[in-house]
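The values are calculated or read from the model by the stated rules, or taken from the named source; none is laboratory data. Everything numeric here is computed off the predicted structure, so don't read it as measured data. Positions of Cβ are backbone-derived with ideal geometry, glycine not excepted, and every protein chain shown enters the neighbour counts.
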Amino acid sequence: MNETIFLLLLFGLPAAIGFKISRSRGKNPLLWGAISGVFPFFLLVLYFHRPEHEISGYFRKCAQCNKTFPWKDSVCKYCGTPVMGNLSKAEQGD
Ligand SMILES: [Zn+2]
């Protein structure tokens with residue numbers, strides 16, 4: 001078996017996943033990609049981490065209870081407050 005491919009899969013795959021998840025969590029993708037590549041365990045840490053602030057396109061912050069929930073949800077899953085309109089407006093950018 002080609003060792004280079006093996007190493008790429010072993011470290012590259014978790015690194016790529018870590019890179020992707022950390023972007024959606026508002027963290028440094030390069031740093032977390034590197035950490036996840038060496039310690040794939042940190043993928044779990046990343047995955048279950050909820051961001052403290054709103055991240056456009058990934059997480060919203062509830063105006064009512066201040067918790068973050070997935071961007072695609074139209075209702076806060078913690079207190080049931082609907083997301084305030086302006087959805088189409090926000091998507092169109094400036
Ligand atoms: Zn809420």
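Taking (1) modelled with pLDDT under 90; (2) in contact with a strand residue (DSSP E or B) (Cβ under 9 Å, 6 or more places away or on another chain) in turn, residue 60 satisfies each apart from (1). When the stretch 38-53 is filtered for residues that are surrounded by fewer than 16 Cβ atoms within 10 Å (Cβ to Cβ) and either more than 27 Å from residue 13 (Cβ to Cβ) or of a type outside the set (Val, Ile, Thr) (or both), the ones remaining, listed by number, are 39, 41, 44, 47, 48, 49, 50, 51, 52, 53. The single condition among (1) modelled with pLDDT under 95; (2) surrounded by 14 or more Cβ atoms within 10 Å (Cβ to Cβ) that residue 10 does not satisfy is (2). Listed here are the helices (runs of 4 or more DSSP H) enclosed by the stretch 1-92 that have at least 2 residues being among the β-branched types (Val, Ile, Thr): 3-7, 13-24, 29-38.
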